[in-house]
Amino acid sequence: MADVWTRKGGDSAPSAQDRGQVPGPLVGRERESRDLRALLENHRLVTVAGEVGVGKSRLAAEAVAEAVAHEVGECVLGVGKGRPAAEEVAGVGAQGAGPRVVVVRWPEGRQDAGSDAGPGSPVSLTAAVMEAAAGVHGRRGTAGVGAVADRLRAADVLLFLDDVDPVHAECVGMVQTLLEFVPSLRVLVTARRPLGLGGEAVLRLAPLSAEPTDEHRTAPAMKLFLDRFLDRSLERAGAGFDADDSDLSSVADICRYVGGLPLAVELAAEQAARSSVGEVAERLKEHQCWLSAPDMAAPRHRSLRDAVAAAYVLCDRDERIVWARASILAGEFDESTAAFVCAGGGLAPARVPACLTRLAAVGVLTPVRDPGGIREPRYRMAPAAHDFGGERLREAREFEVAAERRAIHFHRVAALAENLWSLGSQPQAVRLVLAEAEGLRAMLEYAPRQPELAAAALESVLNLWFWWAVYDAADEGRRHLLRLLPMCRSDTLLIARGLCLAAWLTAYGDPYGASELLQHAWPAAVLTGDDATIGRIAHVQGMLALHEGDLERATEQFQEAASTIPPHVSGGLPPAVSLAALAVTQAEQSPRAARRSARRALSQPGIHGDAWACLVARYAQAFVDHSDGRTGRARLRAHRALAALDGRLPAPHGCAALRDLITDIDRGSRSGVPTATVPRGLTGVAIPAQAGSGIPG
C-alpha cells in the first residue's frame, strides 16, 4: 500500500531533522486560541476550518499542546517555552500521565498518484489511524473502523486529524463511527471545510486583519510580518529594516495585498529579508503566486502557488472552471454576475451557483453577503486564489473571452446605473456603483489592451458621468476618457460626448486643457446634431468664464445651456443645473433675475426626482437670498437642503458649498460668486489624437 498518510504518535516524538524549521510563535491569534481551547473542553468533535495557508494546523497544534500541558505538565511535551509545533504533540500520552494524543497528518510533499491506494482510498485514513493508535510503523493492514474503535476505547484519547481534505468523505464516515462507539474519544480536525456532522463545533479561521483594531495598535498581519522579517534578517545579518514611515507603509501595503493570509505574510517576510520591503510591495501589487521560501518547515508551504494548487487539485472539473473564470472578476460579485461570466464551454449557468457555494466552503471564495435572504449572495475571491485562477485562465487561453464577457456585463451595469439615476432612483444608482466599483474599474483599466472592447468601455464611462462629476471621482473618470477616446475614432457621437465630459471634469483643474477639449468636442457635436452635448459644452464654457471672472460671458453661456439641453435627456448634466449656475452668476448684478432663474431651476420637469439637481438648485436659491440680505431664509434653505441628503451614501458635490455658505451666513460675510462649482481635476491634460474622425489632433 502506498504511504499516503503520515503516522504521528506512539512512544517518541520525531527528531529535529524530521520536524524541519520550527515555526515562530503564534501572532494575532489570541482570541482564536482561547476559543479553540474552550471548544476542546466542551465538545467531542471540533473542526478548525479555513482557506489554504490561514494557519489551521499551527493553531490546532498549539491548542492541543497547551491543553495537554495544562493537564499533565509541560515536561510531557518536552517544550521549554510553550511554543510547540504540531509535531511536538505527537508523543503526548506516551508516559501515561494524561490523555493520549494521536496525530495523523497528510504527508507533506509526497503523493503517489499511480498507486492503488491513493488519497481518498477506502482504507488509507482508517489504516493510518490504526497504525498511529497501535504505535507500530509499517503495518498497514485492512483493519476496519471497528478495530480502530477497539484500539481507542481503552484510553482517554484525543485524535488529531490534520489536513483531511484529500480524504474528506472517508473522514466523515470514520469519525462518525468512532464517536458513536468510543464515548471517551475526542477528535480535533483541521480542514478547509467542516465535516458536517451533528455535534460538531466549528472554528472558522479567517486571515489576520491588515488594519489596526481596537485591541492592536499595529495590525496583526503587520505584527506577524515584522516578527518573521526580523528573525530572518538577524539570521542573514545583512538585511535591515528602517522603521520609518515609508517602510512601515510598504509593510502595510504587503499585508493588504495578500489579504492578511498568514502563509503569504510569512513568505513575503522571507522575500523581504532577501531583498527589500519596498521591492516586495511593488511586486505583490501585481501578483502574489511568485512568493516562496525554500527552507520553510512544511514542503507544501514553501510556495504560495503550491499551497493553492493543493486545494485546486481537490476540486472537480466544474469547480476548477468556475475558479479560473471567476478570477477575471475583481472585488465582490454576485451569483448572476458569475453565472454570466463563467458559463459556456459545457458549463451551464445553472451549475455555477453550486460551484460558488462549494468554493466558498473550502475558502477559495469569501461570502460577503450570506445566502438565504431576499438578495442573492455575494462573494470575494481570496487574493492568492485570484492570482492562481488567473494563471489557469491564461493557460486555458480563455482570458480574452472572459474579459469580453466581463466587459459586456459591466457595460450593462453602467447602463442600468445611468437609467436608475435619470429615472429618479439616484440612491439605488449610487449603491449599485459602490457595490460594483472594483469590477467596473478592472474592466475599464483592461479595456485599452483589447481594442474591440474600447467602444463599450467608453460608453460605460459616459453612462457613469454622475459618479465622476457628482461624487468627486473626476480624476479617475477623466483618465479613463483620455485613454479610451483615441481608440474610438469611428464613432463621432461617442467622441463628442466623451470630449465634453472630459472638459467638464477638467474645467477648474486645468482651464486651458478644458478649453482645448471643447474645441475638439464642438465640431463633433454639431456634426451629429446632438443638442444635449452642444448645451453641455456651453455649460462648461460658462464655467470657464466664471473661473476667469467674466460674469457677462458666463451668464450668456449658462443661458444658452439651459435653453439647449432638452429637459428629459439622460446621460449628463440636466438643464436645472445650468439654471442654478445662471442664478448664482446673476446674484450680484441682477438679484431679481437670479431669483427667477433659481425658481425656474426648481420648477424643471422631474426636478424632485433628481436629488442632486435639486440640491444644486436649492444652493442657488440660498446663495441668492444671502446675496440679497435675506440671511434667515438663506440659512433655512441651506439646512433643509443638507437635511434632505441620505447620510448612508457619499456626500454629493455641492454639500461643501452649502456648508461654506452657512459659515458665511453665521459670520455675516459674503464670499462673492463661487469659482468652483464642479469637482476639480488634475492639471496637465493630454489631448487625445483623433486622426480620421474629422477632429484635429
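The values are calculated or read from the model by the stated rules, or taken from the named source; none is laboratory data. Keep in mind it's a predicted model, so treat the numbers as computed, not measured. Positions of Cβ are generated from backbone atoms using ideal geometry, with glycine treated the same way; all protein chains shown enter the neighbour counts. Side chains are part of the model used for accessible areas, which takes the heavy atoms of the whole protein and leaves out ligands, DNA and RNA. Shrake-Rupley method; radii C 1.70, N 1.55, O 1.52, S 1.80 Å.
Find the Rg to Rh ratio for the stretch 245-384, where Rh is the Kirkwood radius over alpha-carbon pairs and Rg uses the same atoms.
Details: Rg = 16.9 Å, Rh = 16.3 Å.
Across the stretch 245-384, the Cα-based Rg/Rh ratio is 1.03.
List every residue whose amide H lies under 5 Å from the amide H of T47, counting only residues 5 or more places away in sequence or on a different chain, with H placed 1.01 Å from N in the peptide plane.
Those qualifying (amide H under 5 Å, at least 5 residues apart or on another chain) are V189, A201, V202, L203.
In the stretch 531-675, with Lys and Arg counted as +1 and Asp and Glu as -1 at Cβ, which of these residues, G535, L661, S570, has the Cα nearest the positive end of the dipole, that is, farthest along it?
Selected residue: L661.
Can you list which of the GluC sites (Glu not before Pro) found in the stretch 266-373 are DSSP loop residues with at most 10 other C-beta atoms within 10 Å? Present the calculation step by step, with values, prior to reporting the outcome.
Details: sites: E266, E270, E279, E282, E286, E319, E332, E335; in loops: none.
When the GluC sites (Glu not before Pro) of the stretch 266-373 are filtered for loop state and at most 10 Cβ neighbours within 10 Å, nothing remains.
So, with a 1.4 angstrom probe, what is the percent of accessible area on the stretch 345-498 that is carbon and sulfur?
Values: 3480 of 6460 Å².
Looking at the stretch 345-498 in its full context, I get 54 percent from C and S.
How much space per residue, in cubic angstrom, does the convex hull of the C-alpha atoms of the stretch 345-465 take up? Walk me through the intermediate numbers first.
Values: hull volume 16.0 nm³, N = 121.
Residue-normalised Cα hull volume stands at 132 Å³.
How large is ³J(HN,Hα) for each residue in the stretch 425-441, as worked out from phi by the Karplus curve 6.51 cos²θ - 1.76 cosθ + 1.60 (θ = phi - 60°), to whole Hz, x for Gly and Pro?
9, 5, x, 5, 4, 5, 4, 4, 5, 4, 5, 9, 4, 5, x, 4, 5
How large is ³J(HN,Hα) for each residue in the stretch 607-618, as worked out from phi by the Karplus curve 6.51 cos²θ - 1.76 cosθ + 1.60 (θ = phi - 60°), to whole Hz, x for Gly and Pro?
Taking θ as phi minus 60°, the curve returns 5, 6, x, 10, 4, 6, 4, 5, 4, 5, 5, 5 Hz for the stretch 607-618.
If amide H atoms are built 1.01 Å from N in the plane of the peptide, which residues on other chains or at least 5 residues away come under 5 Å of the amide H of V368?
Those lying under 5 Å, H to H, from V368 are R378, Y379, R380.
Return the long-range amide H neighbours of Q288 (sequence gap of 5 or more, or a different chain), with a cut-off of under 5 Å between placed amide H atoms.
For Q288, no residues qualify.
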